[in-house]
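> This is the structure, below, for whatever I ask next.
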Amino acid sequence: MAVMDNFALQPVGLSDRTALAPDAEWLETDGLGGYATGPVEGPRSRRYHGWLTTALRPPTHRAALLKDVAFVLRGAHGEEALRAQRYDGGILDPSRVARCVAFRSDPHPAWTYALEDGSLIALEALMPRGRAAVVLRLSRLSGPPRALRWRPFLAGVDHHHLQHETAEPLATTKLGEGRVTWSWAASLPALTVRHPGRFDEAPFWYRSFDYALEERRGFDHLEDLWSPGEGEAELGADPVYLFFEAGAPARPPRDDETPERIFLAEKRRRDEMGSSLDRAAEKYFVRRGEGQSVVAGYPWFEDWGRDAFIALRGLATARDDLASSGRVLLEWARHLSEGMLPNRFPDQGEEPEYHSVDAALWFVVAAHEHLVARTRRGGVPAEETDVLHGAILSIVDAYAAGTRHGIGEDEDGLLRVGEVDGPPLTWMDAQVDGRPVTPRVGKPVEIQALWLTALRIAEAVDPDRGTRWKSAAESFRERFFDSKTGGLFDVVDVDHVSGTVDARVRPNQILAVGGLPWNWLPRDRARAVTTLVRRRLSTPGGLRSLDPSDPSYCGRYEGSPPERDGAYHMGTAWLWLWGPYMEAELRCGTDPLALAGAMGQWSRWLERCGLGHISELADGDPPHAPRGAPFQAWSLGEFLRLRRWLHSR
């Protein structure tokens, strides 16, 4: 469809680098839960910024090992660093720093720096998939050969935490021919670097690195890092490769495992993938057990059930990556319990949390779409069909009979949800001081749309079940219509009190029209709901979580953690919801060409914050600054799903 022709992501280069947001960030991942991330320009500003964070129990229990590498180039006119560090009090050091003149994030992060004499130096970073490692390549693009000094800064802590100076060295150093290994005092995998030239031990604690974004988010923002020494090599005609790997074996590397070959092999693999969006989608897939899962977002989320199944439809199924969608669904099906799926696997390996009513329902949707796509492609393996069909029916039967947290089918055929003073169970699950901000106990609107969808899918799996979804759909249309706004109530039977309603205008109602396989409203009401959402809740590329006219509306997601949690679902705009909203517009007959501007607004998020990705949130108020995680799976997934949906029509 022509409307999508202008939505390809363009690489960021010399001519358009200045169009980037000041806080633009890049991302590399290893497919195991580990990652590298940082700012395009300037000093590190998050506790999560670093060159190598690794998953100790993939994809969770992540530890930040290598926070930074300081590069200094020495020439005839003295020394220049590639980047400064920021210390307490806003002090930047060193003061003489090269100028970044070009950057691109795809197929891997690459910078071009201009030195004072006009010489150009390239720095590239790449994580080979399936290895807890990162390769850094420095190349001389122009100018005379130079001496390159590099100094690593190590942390060795949980990636959510900050390191502070200790009385003892953080790790012991073992020098080898062209390699250095650091063994930690803590229970962490050894970190090995393979390098050219020499490495001299000179251990030292560098104190009070200052992370501006952490301070802005209301967290501790000063960190001490340990540097074990400094390496030196000649940057001449050939590039310099530094290969850092966690848990590397003690044996010498094979001849075919040089850092250069590892770098080039991974680069070739990515080049063969096709588009930048394909490469971006892959970053969220991680190993879990013998299968796969989906990380909800980087840098601080783990793999969450609800997020995984919403994202999976775009990240895999819509891209015809049915091998990945199948592995994810089969892996998660193993964790089915009383008809429920975990909302998250905690980062430290505790028992999974079954605190989500909609994770299992989104699984049903994702499994259904995967099986439909598989069938169109030539058939589904019998074992896969049996597992997924069995999971679908188990979920529907358990929910109908009643399961944890007061979830069960009511007399009107709709799904009652939650317990007063119980945990929040829908996607609006923020808590402050242990209490839900938006408890939504009763019959939430989007849960009913998901429940009707699950009932209809179950009938397709087992036609002998009949069509009870039809009577439930009639109840839904009758009980949720709000004649005052023309939209839908957010919750009916609030706190399980029959006949009570929550009439606040929220975006959840859009899922009754778009975002699921079927529209559950008559055409006139579907149009009314879509119009209400457009007028009250839409922002450029996202939907506000609450009507701005509501007295409880919070238009900015900022301040301390409790302040931000209080605003999370009380006005903050969510970018993943643009997918269901745009689909609703199209189902209501809006001309796709008329939506080109709206799609363009959405695609511009790919270059605003997490480059090549779409962030989690934006402020509800103008100028709608990006907030939350800069790389969010369901935000990108919904973009890809709708992009495919448009192309297919």
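The values are calculated or read from the model by the stated rules, or taken from the named source; none is laboratory data. This structure is a prediction, so every number in the text was calculated from the model and none was measured. Cβ sites come from the backbone with ideal geometry, for glycine too, and all protein chains shown count toward neighbours.
> Would you check which residues across segment 284-295 are surrounded by fewer than 24 Cβ atoms within 10 Å (Cβ to Cβ) and in contact with a strand residue (DSSP E or B) (Cβ under 7 Å, 6 or more places away or on another chain) and list them?
V286
> Is it the case, given these coordinates, that G628 is of a type outside the set (S, T, N, Q), surrounded by fewer than 24 Cβ atoms within 10 Å (Cβ to Cβ) and closer than 20 Å to V294 by Cβ?
Working: of a type outside the set (S, T, N, Q): yes; surrounded by fewer than 24 Cβ atoms within 10 Å (Cβ to Cβ): yes; closer than 20 Å to V294 by Cβ: yes.
So G628 passes the test.
> Still on this model: Only one of these conditions is not met by K484: (1) assigned to a loop (DSSP other than H, G, I, E, B); (2) at pLDDT below 95; (3) loosely packed, with under 15 Cβ neighbours inside 10 Å. Which number is it?
Of everything listed in (1) assigned to a loop (DSSP other than H, G, I, E, B); (2) at pLDDT below 95; (3) loosely packed, with under 15 Cβ neighbours inside 10 Å, K484 misses just condition (2).
> While we're on this one: Residue pairs, Cβ under 9 Å, 6 or more apart or interchain, first in segment 155-182 and among the basic types (K, R), second in a loop (DSSP other than H, G, I, E, B). List them.
Every condition considered, the pairs that remain are K174/A190; R179/H195; R179/A248; R179/P252; R179/P253.
> May I pose another question? Return yes when V193 is outside the structural domain of Y298 (by TED's automatic domain parsing), free of Cβ contacts under 8 Å to residues at least 60 places away in the same chain and within 29 Å of the chain's Cα centre (by Cα) and no when it is not. Give the steps one after another, and end with the answer.
Values: outside the structural domain of Y298 (by TED's automatic domain parsing): yes; free of Cβ contacts under 8 Å to residues at least 60 places away in the same chain: yes; within 29 Å of the chain's Cα centre (by Cα): yes.
Yes; evaluated as a whole, the condition is true for this residue.
> Now a separate question. Please list, ordered by first then second residue, the pairs with beta carbon atoms under 7 Å, 6 or more apart or interchain, first in segment 579-593 and within 18 Å of N508 (Cα to Cα), second hydroxyl-bearing (S, T, Y).
Pairs that qualify, where the first residue is within 18 Å of N508 (Cα to Cα) and the partner is hydroxyl-bearing (S, T, Y), are Y581/S538; A584/T530; E585/T530; C588/T530.
> Continuing with the same structure: Exactly one of (1) closer than 19 Å to R46 by Cβ; (2) surrounded by 19 or more Cβ atoms within 10 Å (Cβ to Cβ) is unmet by H160. Its number?
(2)
> Please specify each residue of segment 325-340 satisfying the condition of being in a helix (DSSP H, G or I) and either surrounded by fewer than 21 Cβ atoms within 10 Å (Cβ to Cβ) or over 22 Å from the mean Cα position of the chain (by Cα) (or both). I'd like the intermediate steps shown before the answer.
Narrowing segment 325-340 to residues in a helix (DSSP H, G or I): 325-333.
Within segment 325-340, R327, L330, E331, A333 meet the criteria.
> So in segment 91-139, with the set limited to residues that are among the hydroxyl-bearing types (S, T, Y) and in a strand (DSSP E or B), which one is surrounded by the fewest Cβ atoms within 10 Å (Cβ to Cβ)? Break it down into steps so the answer makes sense when it comes.
Narrowing segment 91-139 to residues among the hydroxyl-bearing types (S, T, Y): 95, 105, 112-113, 119, 139.
Keeping just the survivors that are in a strand (DSSP E or B) gives 112-113, 139.
Values: T112: 21, Y113: 24, S139: 17.
Restricting to residues being among the hydroxyl-bearing types (S, T, Y) and in a strand (DSSP E or B), the top hit is S139.
Results for (1) surrounded by fewer than 23 Cβ atoms within 10 Å (Cβ to Cβ); (2) touching a helix residue (DSSP H, G or I) at 6+ places or on another chain (Cβ under 6 Å), shown as yes or no for each residue.
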| site | (1), (2) |
| --- | --- |
| G499 | yes, no |
| V529 | no, yes |
| G542 | no, yes |
| L546 | no, no |
| C554 | no, yes |
| W578 | no, yes |
| C588 | yes, yes |
| L593 | yes, yes |
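> Would you mind stating whether T37 is under 17 Å from the mean Cα position of the chain (by Cα), surrounded by 20 or more Cβ atoms within 10 Å (Cβ to Cβ) and closer than 21 Å to P109 by Cα?
yes
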